[in-house]
1. Taking the condition of being open to solvent by 100 Å² or more (accessible area, probe 1.4 Å) and within 14 Å of residue 7 (Cα to Cα), how many residues in segment 21-34 meet it?
2. Restricted to segment 64-109, and to residues that are among the polar types (S, T, N, Q) and outside any helix (DSSP H, G or I), which residue is modelled with the highest pLDDT?
3. So, of the residues in segment 118-137 that are closer than 13 Å to residue 148 by Cβ and assigned to a helix (DSSP H, G or I), which turns out to be least open to solvent (accessible area, probe 1.4 Å)?
4. Of all residues in segment 105-117 being open to solvent by 40 Å² or more (accessible area, probe 1.4 Å) and in contact (Cβ under 8 Å) with a residue 24 or more places away in the chain, which is nearest to residue 84 (Cα to Cα)?
5. If the Cβ limit is 7 Å and pairs must be 6+ apart or interchain, which residue in segment 134-150 that is free of Cβ contacts under 8 Å to residues at least 24 places away in the same chain pairs with which residue that is in a loop (DSSP other than H, G, I, E, B) and among the aliphatic types (A, V, I, L, M)?
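The values are calculated or read from the model by the stated rules, or taken from the named source; none is laboratory data. Remember, predicted model here, so these are calculated numbers, not experimental data. In this analysis, Cβ positions are derived from the backbone assuming ideal geometry, glycine residues included, and neighbour counts consider all displayed protein chains. Areas reflect the complete protein model, heavy atoms only, side chains present, ligands, DNA and RNA absent. Shrake-Rupley method; radii C 1.70, N 1.55, O 1.52, S 1.80 Å.
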Amino acid sequence: MKKCPKCGYERKPEDTECPRCKIVYEKYYSVQVKKRAEESKRQREAKKSELQNKKKSYITGIIIVLVFISIPLIYFYIVLPYLHERASISQEDETHGKRVCDCSYNRYNCDDFSTQAEAQECFEYCRSLGKGDIHFLDGDNDGIACESLP
């Protein structure tokens, strides 16, 4: 025999209501099913929320790691070379007098100069710094830069 879920009274199979506590069995069981469904839904939502929080934590952690990795990289590959270039330019100015053009990398072509004399001055200035023909202004290696300019 089945028992009343509320008071434990041994009920008969044909009973629809408990004679002792007066609960309606079918109604009680349907409420229990709804409660279990709601609890199951709450648990799924809590698990989903927990997973989303973990995901956010992982993403935040990854971002923090990337920031801490990128800061030294930016410093060593961007800031230090810039500071080194600035220091070498000011050192060049102190050593060789007036700075004529930038000799730190291949920056100019003959088209960047108005006259051959201007190109020649840059060419000779870079050579005096030990950079050679860094801008490739002397195509035929005869010591005369941009021979086609006026």
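1. 1
2. Among those that are among the polar types (S, T, N, Q) and outside any helix (DSSP H, G or I), it is 109.
3. 119
4. 105
5. Listed pairs, sorted by first residue: 138/144; 138/145.
Rundown of residues vs (1) over 30 Å from residue 131 (Cα atoms); (2) open to solvent by less than 90 Å² (accessible area, probe 1.4 Å), yes/no style:
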residue: 2; (1), (2): yes, no
residue: 7; (1), (2): yes, yes
residue: 13; (1), (2): yes, no
residue: 19; (1), (2): yes, yes
residue: 37; (1), (2): yes, yes
residue: 40; (1), (2): yes, yes
residue: 54; (1), (2): yes, no
residue: 76; (1), (2): no, no
residue: 82; (1), (2): no, no
